[in-house]
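In what follows, a structure is listed as structure tokens, so that the remarks can point back to it.
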Amino acid sequence: MKKNSNCIGEIIKKNQSTIHPVTLEIGSNYNKKNICPSNIYFDDKDNPHYFKEADDKNVFNKEELKMFMSLPYLNFDLKRMLNLYNVQTSNDIINFVKTSIGENKSFTYINRILNIWCKVNYNLLKKNNKILVDIYDKIIIKYFGKKTKIETLENFIKKWFENIKEYDFYFNLGEDLLINLGYFKK
């Protein structure tokens, strides 16, 4: 984790304490500068740290803090998760989907890994997402028994990437596509 991680809690002034929103440990500030809770990061000696110096650029507002603490916090490295499935490249995701379909894995299983791959490759896919058209065409035929016009898939996927942000909490291209096509209800 980078040392310049953003604050995930309120600023702690000198001689004040707070509870870290993830670890639930009490953190006290005995420094001259303000600090704040942060995601874990490691120093040059690989020592973990959960608090960092705070400045005006990385302030966390109270509403964001409430939202952050009300939802379970899971900090998975998405690239590492893809490594578990041997999926790094576009050829890997094509082979993963083909193999998973052949092994009758569930749509939900395939879609989950596909969404993770889309998130990791967001910037590339925002510019060129043609690879996803063929993948979703195969998925829709296999799991929903429908043939969809390629132009319809192309247009929806292109528009979806124009409207979604990489770090949006809700990020589910497959489900959004199926809902839009009327093959799936939420």
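Looking at region 1-51 from every direction and averaging, what is the projected area of its Cα convex hull in nm²?
Computing the convex hull of the Cα atoms and averaging its projections yields 3.4 nm².
Between helix 130-144 and the chain, what is the angle of the helix's C-alpha long axis to the longest principal axis, kept within 0 to 90° and rounded to the nearest 10?
70
Using only alpha carbon pairs under 8 Å that are at least six residues apart, calculate the relative contact order of the chain and give it in whole percent.
Taking the mean separation of contacting Cα pairs over the length of the chain, I get 14 percent.
How far, in degrees from 0 to 90, does helix 107-120 lean away from the longest principal axis of the Cα atoms of the chain, to the nearest 10?
60
Give the longest segment of the chain that steers clear of chymotrypsin sites (Phe, Trp or Tyr not before Pro) in DSSP loops with at most 13 neighbouring Cβ atoms within 10 Å, not counting the sites themselves.
Value returned for the longest uninterrupted segment is 77-166.
Using the Cα atoms as the points, what is the convex hull volume per residue of the chain in Å³?
Cα convex hull per residue, to the nearest whole number: 152 Å³.
Among L114, L84, what is the fewest-to-most ranking by other Cβ atoms within 10 Å?
Fewest-to-most Cβ neighbours within 10 Å comes out as L84, L114.
Suppose we keep just the alpha-carbon trace of region 92-163; what are its Rg and Dmax in angstrom?
11.9, 33
With charges set only on the Cβ (+1 for Lys and Arg, -1 for Asp and Glu), what does the dipole of the chain come to about its Cα centre, in debye to the nearest 20?
Its charge dipole is roughly 320 debye.
Quick test of your reading: applying the under-4.7 Å Cβ rule, which cysteines of the chain are isolated?
C118
Since every read-out is calculated from the coordinates, none of them should be taken as a lab result. Just so we're clear, the structure is a prediction, and the values are computed from it rather than from any experiment. Don't worry about glycine lacking a Cβ; one is built from the backbone with ideal geometry, like all the others, and counts go over all protein chains shown.
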